[in-house]
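The values are calculated or read from the model by the stated rules, or taken from the named source; none is laboratory data. This is a predicted model, so every value here is computed, not measured. Here the Cβ positions follow ideal geometry from the backbone for every residue, glycine too, while neighbour counts run over all protein chains shown. Side chains are part of the model used for accessible areas, which takes the heavy atoms of the whole protein and leaves out ligands, DNA and RNA. Shrake-Rupley method; radii C 1.70, N 1.55, O 1.52, S 1.80 Å.
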Amino acid sequence: MNDSFIVLGGGIVGLSCALELRLRGADVTLLEAKDCGGQASGAAAGMLAPYSENPESPDEFFMLCRESLELYPGWQRLVRKLSGMDFEYTECGSLYAAYHEADLLALESRLGWQRRHGSSGVILRGEALRAAEPGLSPSVVAALRTPEESHIYAPDFVEALQAACLKAGVVIRERLGALEPTEWERRAEVRAPESGGEAFRADRLVVCTGAWAGAWSGRFGLRLPVQPIRGQICAYEWEEGRAAVRHMIFCSQGYLVQKANGTLVCGASEDVAGFDTSVTERGIARLLRWNKRVLPALETAEPFHRWAGLRPATLDGRPLLGRLERAERVIFAAGHYRNGILLSPVTAKLVADCAEGRPPQPWQRAFRPDRFGAAAAGLR
Ligand code: GLY
């Protein structure tokens with residue numbers, strides 16, 4: 001690819017797009033207002049769980065998530081090789097717990113369509129369930145086990161991804177302060193007014209600014225309804241090498257995932273609180289109540305760490321992914337909501353395909369970044 005690119009945003013999505021574009025031969029400069037991986041990417045529990053996170057139907061969003069899960073084994077191997085760094089990637093499968101007999105029907109219908117879409121899931125009950133996950137509360141009556149789901153330790157993975165980008169020749173500029181796209185019709189230009197007005201120029205622009213993309217609503221003549229949804233999470237200390245759980249555990253109220261260092265990560269709230277990343281008593285108290293209902297061993301445990309991240313949510317819950325029709329030099333890859341870590345490899349692939357001029361598949365039109373229409377007059 002002969003074009004040069006500015007990638008705006010150094011979260012997992014921006015770093016992944018930068019790496020893939022570079023590997024396909026482009027000159028790439030990645031610009032980050034703060035530190036790479038410092039926002040949603042670094043705060044995430046790192047679950048790669050398209051089946052558990054999308055229980056409703058095999059819609060376009062599920063298809064995107066599933067395609068990304070399939071890319072993960074190769075993608076993480078590539079990042080490991082390029083960076084020379086190690087990080088946790090655990091293929092442990094998941095259990096989705098049901099507390100009432102009445103919920104079984106929903107689990108069965110979900111299993112039906114998920115098995116037609118790559119899952120080898122089964123519903124476990126009674127002895128089989130207790131043997132598979134001995135610590136689970138006896139009030140769990142059944143669980144859908146999905147062996148295909150996995151998780152990654154997001155902070156280490158993002159660090160390795162950044163190192164892989166640098167090794168591959170991506171230029172990374174961090175701590176630039178606010179970044180302003182100032183030109184995108186004849187070429188791409190981004191200015192950093194808080195860094196002496198420095199200007200960056202390239203042929204094309206890839207916007208990967210997560211929850212901050214909404215701040216540019218109007219900038220490209222478009223409505224970009226993206227807003228932050230805060231996720232409060234907590235973590236318990238658990239002895240390294242001792243399993244609190246063997247699977248990732250999901251229920252309608254949250255999830256628990258144990259990392260290789262023993263830490264048991266439990267999430268997450270969904271609050272509208274602007275860009276505030278503080279944790280609240282109420283948010284954490286709800287998690288603690290549910291954690292005990294999942295794992296009785298947590299009855300007297302206190303989390304040692306509580307934090308929050310901001311998920312970038314669009315109005316319809318789907319990412320903004322693809323080239324703008326009215327501004328052909330601009331590609332969007334933002335608004336991945338609860339699935340940024342999972343969706344990073346497929347996003348990088350689709351952005352690079354788009355940069356190479358390959359037309360999107362018809363089902364990918366569901367993610368067109370211009371689908372929310374033009375900006376109100378005066379905002380263009
Ligand atoms: N994907 C998990 C969360 O957003 O909390």
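Values for this structure:
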| quantity | calculated |
| --- | --- |
| Part-to-part distance (alpha-carbon centres) for the stretch 155-207 and the stretch 18-83, which is given in Å | 18 Å |
| DSSP-defined beta bridges in the chain - what % are antiparallel, rounded to 5 | 75 percent |
| Relative contact order for the chain, counting Cα pairs under 8 Å that sit 6 or more residues apart, in percent | 24 percent |
| Sparsely packed chymotrypsin sites (Phe, Trp or Tyr not before Pro) within the stretch 63-132, loop by DSSP, other Cβ within 10 Å at most 11 | none |
| Lysines whose Cα lies under 30 Å from that of Lys292, excluding same-chain neighbours fewer than 8 positions away | Lys259 |
| Sum of side-chain charges, Arg289 neighbourhood, beta-carbon under 15 Å (Lys, Arg +1; Asp, Glu -1) | +2 |
| Whole-number accessible area per residue in Å² for the stretch 243-298, which is evaluated in the context of all protein chains at 1.4 Å | 43 Å² |
| Chain lengthening between Glu91 and Ala128 when straightened (0.36 nm per residue, less Cα-Cα) | 11.3 nm |
| Solvent-accessible area of Ser252 with every protein chain in place, 1.4 Å probe, in Å² to the nearest 10 | 90 Å² |
| Selection of GluC sites (Glu not before Pro), the stretch 28-64, meeting DSSP coil and at most 16 other Cβ within 10 Å | Glu56 |
| Rounded percent of accessible protein surface that carbon and sulfur make up, the stretch 235-380, 1.4 Å probe | 49 percent |
| Neighbourhood charge, 12 Å Cβ-Cβ cut-off, centred on Leu104 and excluding it, Lys, Arg +1 and Asp, Glu -1 | -1 |
| Range of Cα positions in the chain per principal axis (Å), largest first | 66, 43, 40 |
| Pairs of Cα atoms farther than 22 Å apart, the stretch 116-197, % | 63 percent |
| Whichever lysines have a C-alpha closer than 18 Å to that of Lys167, once near sequence neighbours (fewer than 8 apart) are set aside | Lys81 |
| Radius of gyration and Dmax over the Cα atoms of the stretch 1-106, both given in Å | 17.5, 59 |
| nm² value of the averaged projected area, convex hull over the Cα atoms of the stretch 188-338 | 11.8 nm² |
| Cα-based equivalent ellipsoid of the stretch 290-380: semi-axis lengths in Å, sorted from largest, via gyration tensor | 37, 17, 11 |
| Separation of the Arg358 and Tyr99 label points, Cα + 7 Å toward Cβ, nm | 4.5 nm |
| Ellipsoid equivalent to the stretch 12-54 - semi-axes via the Cα gyration tensor, in Å | 24, 16, 6 |
| Computed magnitude of the charge dipole of the stretch 148-301 (debye, nearest 20; Cβ of K, R +1, Cβ of D, E -1) | 260 debye |
| For the chain, built as a Gaussian network whose Cα springs stay under 10 Å, the top-fluctuating residue of Ser68, Ser137, Ser94 | Ser137 |
| Stokes-Einstein D for the stretch 96-157, Kirkwood Rh over Cα pairs, 4 °C, 1.567 mPa s (µm²/s) | 102 µm²/s |
